[in-house]
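The values are calculated or read from the model by the stated rules, or taken from the named source; none is laboratory data. Here the structure is a predicted model, which is why all the values come from computation and not from measurement. Counting neighbours? That spans all protein chains shown, and the Cβs are built from the backbone with ideal geometry, glycine included. The protein model used for the area step is the full one, side chains on, heavy atoms only, and it has no ligands, DNA or RNA in it. Shrake-Rupley method; radii C 1.70, N 1.55, O 1.52, S 1.80 Å.
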Amino acid sequence: MTTATDTTTRPAAEAGPVTVLGLGAMGSAIARTFLDHGHPTTVWNRTAAKAAPLADAGAATAPTATEAVAASPLVVIALLDSAAVEQVLASVDTAITGRTLVNLTSGSPDQARANERWAREHGAAGYLDGKIMGDPPYVGTPNILFPFSGSDTAFAAHETTLRELGTVTYHGEEPGAAAVEFMAQVATSYELLIGYLHTLRLLREEGADLAGFTRRFGDSLTVFPALLTSMAQAVEAGEYGPDLGSLDVQAALMDDLIGHRESVGVEAVRMREVKRLMDRRIADGHGDQGFSSLFELLAAQSAA
Ligand code: NAP
């Protein structure tokens, strides 16, 4: 995997032509960044009026997606969803032949794989699937993340241009890998943040200082990278020491945590789920193992 922080503007002479399909908030920010870096930039949008500010900034506008694709060897798509991508690609058809297609539209790993198949079958020079972690105003700064996967030759050929958009990571040739990374990052964040919201509710009910707790909890997050690494190692090896203590001890603590939440009227369904998993693992004879061992129960068929 490659990480990057270099977003230096290159001389205009080195900046090759780029086409951007889709000029919503994200596509417009992407096209503007390419213009800022001196790329001859051709844009197309279903609703043509959205191209006007970019035309004023120096972009060429194309009346159809097909004509926009014909204008550049590198074609970047930022549409609403995979259904929109499918429709626009169907209209472009073989105009993509010889061009590199970079799809930045949100979607699943399977949709990325289907897009890669489509690009290959239509003679594209290469397909890269990218996902976006950050908001449009951050495009063109290191504060927005773009994981990519797909053709390594296409990535090598266009890496410098793609790095102009933000902080880039490359996850290998498997086209769905960037979407897997995106889904995993976002899902983990949601799971963490819903736990945090439960805690804020609990603190509010107890009349505690939310800001002070948040500051201290933020400080304590510094131990997480080492903890996460050791958990991943335990899972990879299938060997579960008593991390965070043995499950026998942790299950008793869970009863206290659930009881506390419920005593102040805070919903505790996810915590009861954790306790249920601990109880099952203990019943299976693994009470001496640690928290990481719950991994063994998380396949859909075994979690029921
Ligand atoms: P947006 O502002 O709603 O723009 C959506 C774009 O898709 C517009 O250009 C729209 O064209 C086009 N579109 C929708 N359906 C279409 C169709 N059937 N055929 C052709 N064009 C169609 O969305 P956005 O914020 O630019 O988001 C673009 C992608 O980036 C999404 O996949 C989003 O999940 C992802 N993303 C966005 C953010 C964010 O904060 N905005 C952050 C991370 C990732 P019209 O103008 O004609 O409607």
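For the structure I just gave you, tell me whether Arg281 is crowded, with 16+ Cβ neighbours inside 10 Å and touching a residue at least 60 places away in the same chain (Cβ under 8 Å).
no
Taking region 25-42, which residues are more than 10 Å from the ligand (Cβ to nearest atom) and either among the hydroxyl-bearing types (Ser, Thr, Tyr) or open to solvent by less than 20 Å² (accessible area, probe 1.4 Å) (or both)?
Once the filter is applied, which keeps residues that are more than 10 Å from the ligand (Cβ to nearest atom) and either among the hydroxyl-bearing types (Ser, Thr, Tyr) or open to solvent by less than 20 Å² (accessible area, probe 1.4 Å) (or both), region 25-42 yields Ala31, Thr33, Phe34, His37, His39, Thr41, Thr42.
Among the numbered conditions (1) assigned to a helix (DSSP H, G or I); (2) within 19 Å of His37 (Cα to Cα), tell me where Gln185 comes up short.
(2)
How many residues, within region 261-271, are in a helix (DSSP H, G or I) and surrounded by 15 or more Cβ atoms within 10 Å (Cβ to Cβ)?
Adding up the residues that qualify gives 2.
Residue-by-condition table, conditions (1) farther than 30 Å from Gln289 by Cβ; (2) exposed (fewer than 11 other Cβ atoms within 10 Å of the Cβ):
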{"position": "Val180", "(1), (2)": "no, no"}
{"position": "His198", "(1), (2)": "no, no"}
{"position": "Arg201", "(1), (2)": "yes, no"}
{"position": "Thr214", "(1), (2)": "yes, no"}
{"position": "Val223", "(1), (2)": "no, yes"}
